[in-house]
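Colleague: Structure provided below as structure tokens; questions to follow.
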Amino acid sequence: MPMLMRAPRECASWFWDLEDYAPPGLRSALVTAARMTAVLRKHDLLEPHHVEWPWFIPGAGGAPAMTRLQLTGPIDAEEVFHAQGTPRREHRLVELTVSPEHLGLSAEVSVFHDIWGPFDFRGEPHPEVHRQNAPRLAAALRELEALLGVAPEPGEPTNFGRAAGYGVDEPVVMDGRGPDLTDQL
């Protein structure tokens, strides 16, 4: 089976402003991340083994350092289904970011692979792959919305796609094909 191609930028992302859900701070961020992870795990989208964070120095900005904490229990193996419906594992299938910023808690879910949309990165239609994956993502996003009590805002569009509702928007189609993005991978 060929390796799943990963875009250098997200194909779609969804952002939640959570200032009404929980107070800012590390404890709230970790509890929120655990709750969101449980939803994503239920849909076979995320099973993290580590937590990482970039360093920020108040008044000076970001530092060129990142800390990674290995988790001793399950909380990076995710399930992916190809056209025949066979499960397989894929590193960083879905990324979850929860920010404990003092201005207010926020969260973002991002996807970087072509399995969520109706075309692969070569522009070829792949309806079975899309049918096996897009509903799982949509169900998880709906459940996250219910959990958090607020609808997500779509992230910024990239060359690889954009969020539309609970999925990846269909690209401009010409002669039954989507755009060929392989030169950007």
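Taken together, the values in this text are just the output of simple stated rules run on the coordinates, not laboratory data. Note that the structure is a prediction, hence the values are computed from the model and not measured. Every residue, glycine as well, gets a Cβ built from its backbone with ideal geometry; the counts of neighbours run over all protein chains shown.
Colleague: Multiply the residue gap between Arg122 and Glu101 by 0.36 nm, knock off their C-alpha separation, and tell me the result in nm, one decimal place.
Modeller: Additional length available on full extension: 3.7 nm.
Colleague: Percentage of Cα-Cα pair distances in segment 140-180 greater than 14 Å, rounded to whole percent?
Modeller: Summing the P(r) of segment 140-180 above 14 Å gives 56 percent of all pairs.
Colleague: Restricting things to Cα coordinates, could you compute the convex hull volume per residue of segment 111-162 in Å³?
Modeller: 69 Å³
Colleague: Between Val172 and Gln70, what FRET efficiency follows from the Cβ-Cβ distance if R0 is 45 Å, with the result rounded to 0.05?
Modeller: FRET efficiency, Val172 to Gln70: 0.60.
Colleague: What is the distance in Å between the Cα centres of segment 1-43 and segment 116-156?
Modeller: 14 Å
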